[in-house]
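Please read the structure below before turning to the comments.
The values are calculated or read from the model by the stated rules, or taken from the named source; none is laboratory data. The structure displayed is predicted, hence computed values, not measured ones. Note: ideal-geometry Cβ built from the backbone for every residue, glycine included; neighbour counts use all protein chains shown.
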Amino acid sequence: MAGKAKPKKHTARELAGKAAAALTNKGGGKLGAMDRAGGAAGHAKYKCPICGLATPSQKNGSEHWESKHSKLPFNFDDWSDLHKEHGGTTKGLAVAGGKAKSVHELQKTEAGRAELAKLALEKQRIANLEF
């Protein structure tokens, strides 16, 4: 039995707060702030070749072109891919930790199954070394 006004177990709110604090990208000073803003590329992916406006998708880019540059022919190949040029957006500089996936979650995807196979081989190698 717990003491006076002391809960016996962790509350759902407390556990959710701890998980959010571990998985949220915050802190990290100046580099962390730049990282949360999307790094050098920003969060928008494509850049208009005429005015330099950044848009998140090809559809938004075509809508921008129709409203701002309608007299010119639209060719999406001329647009630059900012994420490709800068190597992605955020780097996760200030993320405190991550949630490990369970075996059940890993079995759902091809990459997860490959990771499970790699872990099984590693366990087998370690077991062979011990005997």
Selection within the stretch 14-39 - at positive phi, surrounded by 12 or more Cβ atoms within 10 Å (Cβ to Cβ) and out of contact with any Ser or Thr (no Cβ under 8 Å at 6 or more places or on another chain)
27, 28
Among the helices (runs of 4 or more DSSP H) lying completely within the stretch 27-131, list those that include at least 3 residues that are under 22 Å from the mean Cα position of the chain (by Cα) and not basic (Lys, Arg).
29-36, 82-86, 103-106, 110-130
Please enumerate the residues belonging to the stretch 14-25 that are at pLDDT 80 or above and either charged (D, E, K, R) or under 12 Å from residue 91 (Cα atoms) (or both).
14, 18
Are any of the residues in the stretch 38-48 without any contact (Cβ under 8 Å) to a residue 60 or more places away in the chain and more than 16 Å from residue 85 (Cα to Cα)?
no
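Quick grid of which residues meet (1) in the same structural domain as residue 32 (by TED's automatic domain parsing); (2) touching a Lys or Arg at 6+ places or on another chain (Cβ under 7 Å):
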{"position": "58", "(1), (2)": "yes, no"}
{"position": "68", "(1), (2)": "yes, no"}
{"position": "72", "(1), (2)": "yes, no"}
{"position": "80", "(1), (2)": "yes, yes"}
{"position": "85", "(1), (2)": "yes, no"}
{"position": "110", "(1), (2)": "no, no"}
{"position": "126", "(1), (2)": "no, no"}
{"position": "129", "(1), (2)": "no, no"}
Out of 11, 55, which single residue is surrounded by 11 or more Cβ atoms within 10 Å (Cβ to Cβ) and either touching a Leu at 6+ places or on another chain (Cβ under 6 Å) or modelled with pLDDT of 85 or more (or both)?
55
Being modelled with pLDDT of 90 or more and out of contact with any Phe, Trp or Tyr (no Cβ under 9 Å at 6 or more places or on another chain) narrows it down to one residue among 116, 106, 72; which is it?
116
Can you go through 92, 98, 42, 87 and tell me which one is at pLDDT below 85, surrounded by fewer than 13 Cβ atoms within 10 Å (Cβ to Cβ) and in contact with a strand residue (DSSP E or B) (Cβ under 8 Å, 6 or more places away or on another chain)?
92
